[in-house]
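Have a look at the structure below before the remarks.
Read the figures in this text as sums done on the coordinates, not as results from a lab. Fair warning: this is a prediction, and the values are worked out from it, not measured in the lab. Cβ placement follows ideal geometry from the backbone for every residue including glycine, while neighbour counts extend to all protein chains displayed.
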Amino acid sequence: MGQPVERESAEARDSALPPGQRIQRGWPVTHYGPVPKFRPERWEFRVFGATADGEKRCWNHAEFTALPYTTVVADLHCVTKFSMLGAEWGGILTRTILELVPPAEDVTHVMVWAEYGYSSNLRLSDFHAERTMFATHKDGELLTAEHGFPLRLVVPHLYAWKGPKWVRGVEYMTADRRGFWEERGYHNIGDPWKEQRYSYQEQLGEGPEL
């Protein structure tokens, strides 16, 4: 099991708050649509699209949760302007998935798919980042259904909508394509330090045409 990095002091974390954000004590529930019912016998995690060998890879719930477990300490920044600092996330690093199912050489982006057809697109570099994780736990406890159990993506350096709840798979892509919220006016990249909240803020080359 991986070891969490040392927690920063409250003062250091507060000084690292992205612009326009406020510190949140606790973890509000925010999502679109109903909370899906978890059926372990039907649950499957898929990696598909432009894989290096052209094949799809699937894990059932027991197989996926048996993958190497790691913890990271990272913040969560919501586009609604709250930030939750210094949480300990536990789960499977996205780098582990990339090692088990390598993408083709020309892959530039991924689409992370979740229940009800929800999706979020990421640059491969963001998906490959050191602390990007498919989380199953927060602060040592299993995620609740409202917060994404059995699996949610955590991308600490981007706004939280880039990390969907109730994840079911990853599609490797050789060109960018907007996800659910990106098609509905959210920024294609979503960097909180640049306050990339909405698509009208996008610069040339930051996203496909709407």
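Got a sec? Charge dipole of segment 45-201, +1 on Cβ for Lys and Arg, -1 for Asp and Glu; which of PRO102, ASN121, PHE134 is way out at the positive end? Projecting each Cα onto the dipole axis, the largest value belongs to ASN121.
Put simply, when 129-139, 155-165 are sorted by average Cβ atoms within 10 angstrom per residue, most first, you get 155-165, 129-139.
Dipole magnitude for segment 72-173: about 220 debye, using +1 per Lys or Arg Cβ and -1 per Asp or Glu Cβ, origin at the Cα centre. For PHE82, the residues whose modelled amide H falls within less than 5 Å of its own, excluding neighbours fewer than 5 places apart on the same chain, are ARG22.
Using the structure shown, select from LYS165/LYS194; LYS37/LYS162; LYS162/LYS194; LYS56/LYS162 the pairs with a Cα to Cα distance greater than 20 angstrom.
Working: LYS165/LYS194 24 Å; LYS37/LYS162 22 Å; LYS162/LYS194 15 Å; LYS56/LYS162 23 Å.
Going by Cα-Cα distance, LYS165/LYS194; LYS37/LYS162; LYS56/LYS162 fall outside the 20 Å limit.
According to the square roots a ≥ b ≥ c of the eigenvalues of the Cα gyration tensor, what is the shape class of segment 14-107, taking rounded for a/c under 1.5, prolate for a/b larger than b/c otherwise, and oblate for the remainder?
In terms of gyration-tensor shape, prolate.
For the chain, the relative contact order comes to 22 percent (Cα pairs under 8 Å, sequence separation of at least 6). Straight-distance candidates among the aspartates and glutamates for linking to LYS138, with alpha-carbon spacing under 15 Å and chain neighbours fewer than 8 residues away dropped: ASP75, GLU88, GLU146.
When +1 charges are put on Lys and Arg Cβ atoms and -1 charges on Asp and Glu Cβ atoms, the dipole computed for the chain relative to its Cα centre reaches about 620 debye.
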